[in-house]
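Contents: one structure, followed by commentary.
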Amino acid sequence: WFANFLPFYALPLSLVMINLSPSMFDAEPNLSAMTTIYQWMTQIQKSNSELVTQHYLGKTTENRTMYYLQISQPSDKIKKIIWMDCGIHAREWISPAFCQWFVKEILQNYRSDPKIRRFLQNLDLYILPVLNIDGYIYSWEKDRLWRKNRSPHMNGTCYGTDLNRNFNSSWGSIGVSYNCSSEIFCGSGPESEPETRAVAQFIKKKKSDILCYLTIHSYGQYILTPYGSTTRPPNKNFGPLKITAKCTGTDDNIIPVLNIQMHVAEMAAAALMGKYGTSYKVGPTSLILYSNSGSSRDWAHMIGIPFSYTFELRDKGTHGFVLPPDQIQPTCEETMLAVTTIIDYVDQKYFPGGAVMLTASSLGLSLCLSVVLTWTVS
């Protein structure tokens, strides 16, 4: 059964669609999905050495190596970073497929697409194609619907921590379980899992340079903004994004940073819908989906990254995690439009410098006359 899905979820995205030579697989025609992705990363770097480098991130519970790709156009300018990770939940196979598609599209089109060419002059892209490698392999080999990583608990009587409940953002407070048999087991403490620690330690080192944190999931068709743990998030400035609001109302804090995130998410959802008519719901996780704590999205925003989003890709439940192969390409195509809309927004608003005016109507905020965003290089 798995063999029927392997050619669709690993090989075409890494070979056919990226136009790599399949000869590298002739000697091993039955390579696993993860091995295929590892080899794809290596060849992508070799084939695009002027732009792409592969870097060590850390080790998994089962001692597998985590690598990320950096796409960086050589420049003397001070550049900022967009982070994207895929596959934090093992069963969400469309997620790693999208990370591969994203890399392919950037590399194929950066010379001809003015939007991509422009933001690569200012931004480096960091892509982690599979965060939860052990769980991903387990979902291919043992249990298609496995979600967590593969860390042992209770003397090996139960396995796995939900890595998206393991970050140090209101850890363990809501929407989690302390039972290691649960799919939403949050671990023994914040960043108790090596995969979580590897990502968190790296992001913390780079946080002053990261403008946007994107984490790709499925399913449900959502673009989720912070926060999952509360409906009353902190109202303050984050990272290099400073906000001044001029309002006619009495509430001086009527426009928090999160409203800007919402505005950009709505733009992304509109761009996505324009491709195939797929509708995405946009909003804070705690208001439009469910409450949860310890998510990477909330944590990234909490430590000062101004834009932080979770994408929940197709579909709305008809196929769920077992998305048919014929939906891989359209899902990736429409998601690419949404993601590049966000990146383009961040690029245009950050790098011109000075103040950028957004009208009240464009943000849907009736009480305010205008919003001034001031971007400062830190």
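The values are calculated or read from the model by the stated rules, or taken from the named source; none is laboratory data. The structure presented is a predicted model; accordingly, all values stated were derived computationally and were not measured. Quick reminder, even Gly has a Cβ in these numbers, built from the backbone with ideal geometry, and neighbours come from all protein chains shown. Side chains are part of the model used for accessible areas, which takes the heavy atoms of the whole protein and leaves out ligands, DNA and RNA. Shrake-Rupley method; radii C 1.70, N 1.55, O 1.52, S 1.80 Å.
Some points to look at:
- Residue-by-residue Karplus 3J(HN,Hα) for segment 70-78, coefficients 6.51, -1.76, 1.60, Hz, glycine and proline x: 10, 9, 9, 7, x, 7, 8, 7, 6
- Heavy atoms of TYR222: accessible area, 1.4 Å probe, square angstrom to 10: 40 Å²
- Cross-link pairs exceeding 32 Å between alpha carbons, from the set LYS115/LYS204; LYS115/LYS148; LYS205/LYS349; LYS115/LYS281; LYS79/LYS316; LYS77/LYS275: LYS115/LYS148; LYS79/LYS316; LYS77/LYS275.
- Largest accessible area first, the listed residues HIS55, HIS153, HIS319, HIS301 line up as HIS319, HIS55, HIS153, HIS301 when surface is computed with a 1.4 Å probe on the assembled protein chains.
- In a fully extended conformation the segment linking SER32 and ASN179 would gain 49.8 nm over its present Cα-Cα distance, using 0.36 nm per residue.
- This model, with +1 at the C-beta of Lys and Arg and -1 at the C-beta of Asp and Glu, gives segment 62-176 a dipole about its Cα centre of some 300 debye.
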